[in-house]
1. Suppose we filter region A:247-274 for residues that are facing another protein chain (nearest Cβ under 10 Å) and either closer than 12 Å to residue A:286 by Cα or assigned to a loop (DSSP other than H, G, I, E, B) (or both); how many remain?
2. Quick one: residue A:341 ticks every box in (1) part of a helix (DSSP H, G or I); (2) within 13 Å of chain B (Cβ to nearest Cβ) except a single one, so which number is it?
3. In this structure, is residue A:371 at pLDDT 90 or above and within 11 Å of another protein chain (Cβ to nearest Cβ)?
4. Take residue B:172 and tell me if it is assigned to a strand (DSSP E or B) and buried (at least 20 other Cβ atoms within 10 Å of the Cβ).
5. Given the structure, is residue A:288 buried (at least 24 other Cβ atoms within 10 Å of the Cβ) and either assigned to a helix (DSSP H, G or I) or in contact (Cβ under 8 Å) with a residue 24 or more places away in the chain (or both)?
6. Considering every residue within region B:486-494, establish whether at least one is modelled with pLDDT of 70 or more and either at positive phi or within 24 Å of the chain's Cα centre (by Cα) (or both).
7. Give region B:265-295 a look and list any residue that's free of Cβ contacts under 8 Å to residues at least 24 places away in the same chain and assigned to a helix (DSSP H, G or I), or say none.
8. Tally time: how many residues in region A:158-207 are part of a helix (DSSP H, G or I) and at positive phi?
């Protein structure tokens, strides 16, 4: 041990400050978060193997997605927060531009126009906003006096509404709401006065009736009606909910055993390897499996909250809070949807559902979270 | 901007942020708790409900169709069997776009407009949900392979092996064996709960003939299996099985050689043949001509074929043998004569003079004999031999309608024979009561005269005439005509209890002799047919008017259109001394009973007796050589 090291470890010296400067923090990795993510992705692969019909093909591809995802996460984590704060508006502007482009030259599927075709590579610009929105709003508000004043609140709302409306036009209600939410939560965390919150909620409730009749599309209304009464159309719209509830319920406490879920293995469960994968888990591993997964999620969320709480810079705090809460919303909406509490909206279960695009966005978010976590001591 | 930053109160911001974060964390905890409660509710509280539902999802009960019983003739020749056939069917509920699927299929499998039309009409019929509707039968192995390869774009299309009823004899037994056809809407509606279950695996039902008569026996018992299916209804494995029980086989009295000989002897003319084995009452042959191919109906007949059959003036679908009601004409004369002897109203040896007509005492009207100028002096024997009408006008008049009616009824006239076939008709054997009820008129003496020669209101089916002849040959012992051997008679009072006539042997012999002279006496009406026969046969010709001939008109064959000419009839039994077979034949518009119908009777009788003789010879040789016995007598009941 060198003298310098010794001195550094003396009581009352700068050890308390320096102890964060470990190997992991130097490479900008939050170790607890990494361990939790590895556990989640591992668990996800096990469930996916069964949900994909015991086909190794899905596992291979998903493992590749994970590998790419972790690389992206490590890369993003290296970015200097100040740098991100300075330039994130570019991402926002680019995202909004592409969203506008989608409406003009986008590629459609199932009555919605969501993709841009970049020479064989299909790309959904709304994914950009999933990151750009929390970044930009955090940047904007962190540079204002907090709690925000009316003028800043108004401008924030404009920033939130522009991309949301563009996505709504595609139409993609689910994503639009999620992205708007990721911006609004920053506003809330920054200290938005309660009186505004309460009046906004009142306004939303009052406008619910006209929205139902004049704004929502038929398929969106069907989804909500199906949720309220799935038995009405057993083979049609209600099929997904009935089958997923049956899968979950028949799993019981201990489950039917891995690869033995009849609902999942006999194809009664739709989208079993993507949006409805938690039903496979619930059927084969029972309530125990579900609680395990929820436990892992709770630990991840807790870690996220801790990072947000201990970050010293307003921008980092707001960003970490928004990312953590967004993750929670994904988890809640997906599980709520599959278990029949919420309407069926296309939201994947983070780290478990099969699919590359959403995973990549998610990993980028965690990259940001790690950047916040490891740079908190470097700010004045 | 930098100005603002200097004014920022970092501690206050951090405090506000922590408060808000606390609210958020609380919010997350609440919502996550809701999720946990939700899963607890689904997986613990309602566990049993969902387990039941998932089992119901997965396990389906599938009916297993029983194999329909086969039908054999008396020598074990197959008259109806089941052929494995690969059927292309479509489950409409699983097909996205039916037209598109049909389009794809048309590239793989040959089928024409007619098939598609039939498919659509089957589709319209009421059926069980998810029941496959056949599009084409009898796929070739090549077609099966082509469909299999393209399975991925043919959701809802199935190729399955089915047993399809087949009638190898084609038109030979169309009217008697009948056919099965697809269960139609009306039948499905009329099913009871129990029947609905019995037919759950079966698509066809006996429509006419024996197939309908013995439907219950032939059908068998449906089996069931529990299968595990996936969401698309594809069966993955069988969990439990109750095998079906095949239907009973039917063994008939028919002899296909006799049947074939009869059909060929009719040679396409409209007519019918019924041949009864006297010892058993078994029907040896029952022909209705023209016939048709019952195989057309099994998988659904095309419109053009159906129109051709129903539109034909020859009525091929009509079973003349049991549904055709014809005036029996002179064929009933031996029976009438026997009645006269029995009631002792005439002395057979006392001759009367026939001037060619008969007149009642107080009537102007002349009842003509068929022979212009009359037969001169005739006794009973020559009156049968030469079919003298005048003698029978007199005899009928002396007997009176009441005795005539009662006597004739004992031969089965005017009543159902009770044969094991559906849709039998019973003809008319008139009486005073009958006339009052049906015509609203009293009985006139002239009516009696017409009954005496089998004209007027008298109608009988060929089967009734054959039964009458068989009863005659059996010396008054009524026999119960039957087609199936292994089935208990449906009629409660057995043939023995119908043994009724206490006629003296001498009277029987007298009638038999007279009937034999019809064939073998040079003046017999059928001498030309009977003269070179190797055995003795009893017979009687008949000619039945189709249109009434006015008093002063004469029957002129050339002036009448072909369809208005007289029907030719002939009944007979053989051998004379030990009757084994009784036959009745009608040739519609054939004019001469002896010339047209008698050769057909002879052919049938000869064919049957030759077979019997052959059997007897084999019996003798195998008696000498007992080891061969087993092989040479195929077990008919087996």
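1. Final tally of qualifying residues: 16.
2. (1)
3. So residue A:371 fails the test.
4. no
5. no
6. Scanning region B:486-494, I find at least one residue that is modelled with pLDDT of 70 or more and either at positive phi or within 24 Å of the chain's Cα centre (by Cα) (or both), so the answer is yes.
7. none
8. Counting residues in region A:158-207 that are part of a helix (DSSP H, G or I) and at positive phi gives 0.
The values are calculated or read from the model by the stated rules, or taken from the named source; none is laboratory data. Worth saying up front: this structure is predicted, and the values here are computed from it rather than measured. Quick reminder, even Gly has a Cβ in these numbers, built from the backbone with ideal geometry, and neighbours come from all protein chains shown.
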